[in-house]
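The values are calculated or read from the model by the stated rules, or taken from the named source; none is laboratory data. What you see is a predicted model, and the numbers here were worked out from it, not measured in a lab. Methodologically, a virtual Cβ is constructed for each residue, glycine included, from the backbone with ideal geometry; neighbour enumeration extends over all protein chains shown. Ligands, DNA and RNA are excluded from the accessible area calculation, which covers all protein heavy atoms including side chains. Shrake-Rupley method; radii C 1.70, N 1.55, O 1.52, S 1.80 Å.
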Amino acid sequence: MTTQHVMSPLLTATDLGFQVGGHQILRDVSMTLTRGEIVTIVGPNGSGKTTLMRMLIGGLAPTSGRIELQPDLRIGYVPQRLSIDYTLPVTVDRFLALGERSRAKRLGALERVGAQGLAPRQLIELSGGQFQRVLLAHALLRAPDLLVLDEAAQGLDQPGIAHFYRLIEAIRQELGCGIVMVSHDLHVVMSASDRVICLNGYICCQGTPLAISGMPEYRALFGIGTQGALSLYRHHHDHAHQDGAEGHHHASTDPAA
């Protein structure tokens, strides 16, 4: 048989649940992530998407169920947002140096994401698109087996979003890594994903983009047409950012998203 390890799961989650203050955010979530596959998680606001991402990267312990990782699994993570202290000047190169001592590797990561000229720039001077590329470069420094993206293209304009997902596809091809991402850009999801998981506190349905778009559970959440899906799913603050590739960065105010 050919390369069995390639198709063996990088990560297996079984019956995951998360409860806080008597509120059940997630229940009975089971999924596998494999090398070379792009899996996108979609769901309405408050459906537990970010909570699930945090559990997958080990930042949050499930209150029930378990997560099994392939031995020595390397995970790269691009958060939804990152708070920056505007009183503390930090260059892009200094920020990347927190995770990698080799300057050659830091510059190589920036080049890989098309941001090779940003090394001397201050983080607070970057546009939204530039900042997300830097965060992606940071995630790639470990040559991850699994790349986890929590709405990493949020706040970018439409050309920026399209370019970002083309970049993700190129990274998948280059590294052969598995990719799991949360996205609210449903029209992009349908072209960029191998598999889609629809989450609403539990897994409503999952499958290929073509298969899931016709499932009644998916249509019940997002409507029949793409426009209905986008209007339901779009974050309340996205309208301020839809032309905002130049927008700056602040912490997420939607922790249960």
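Quick rundown of the values:
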{"quantity": "Only listed residue being open to solvent by less than 50 Å² (accessible area, probe 1.4 Å) and without any contact (Cβ under 8 Å) to a residue 60 or more places away in the chain, chosen from 51, 91, 40", "calculated": "91"}
{"quantity": "Test: residue 146 is of a type in the set (A, V, I, L, M), within 26 Å of residue 59 (Cα to Cα) and either buried (at least 21 other Cβ atoms within 10 Å of the Cβ) or touching a Gly at 6+ places or on another chain (Cβ under 6 Å) (or both)", "calculated": "yes"}
{"quantity": "Residue match in the range 133-153 (condition: outside any helix (DSSP H, G or I) and farther than 30 Å from residue 13 by Cα)", "calculated": "no"}
{"quantity": "Residue within the range 169-181 that is closer than 28 Å to residue 46 by Cα, in contact with a helix residue (DSSP H, G or I) (Cβ under 6 Å, 6 or more places away or on another chain), open to solvent by 10 Å² or more (accessible area, probe 1.4 Å) and part of a helix (DSSP H, G or I) present", "calculated": "no"}
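Quick grid of which residues meet (1) under 25 Å from residue 151 (Cβ atoms); (2) open to solvent by less than 80 Å² (accessible area, probe 1.4 Å); (3) modelled with pLDDT of 90 or more; (4) in contact with a strand residue (DSSP E or B) (Cβ under 7 Å, 6 or more places away or on another chain):
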residue: 86; (1), (2), (3), (4): yes, no, no, no
residue: 96; (1), (2), (3), (4): yes, yes, yes, no
residue: 110; (1), (2), (3), (4): yes, yes, yes, no
residue: 114; (1), (2), (3), (4): yes, yes, no, no
residue: 117; (1), (2), (3), (4): no, yes, yes, no
residue: 120; (1), (2), (3), (4): no, no, yes, yes
residue: 124; (1), (2), (3), (4): yes, yes, no, no
residue: 129; (1), (2), (3), (4): yes, yes, no, no
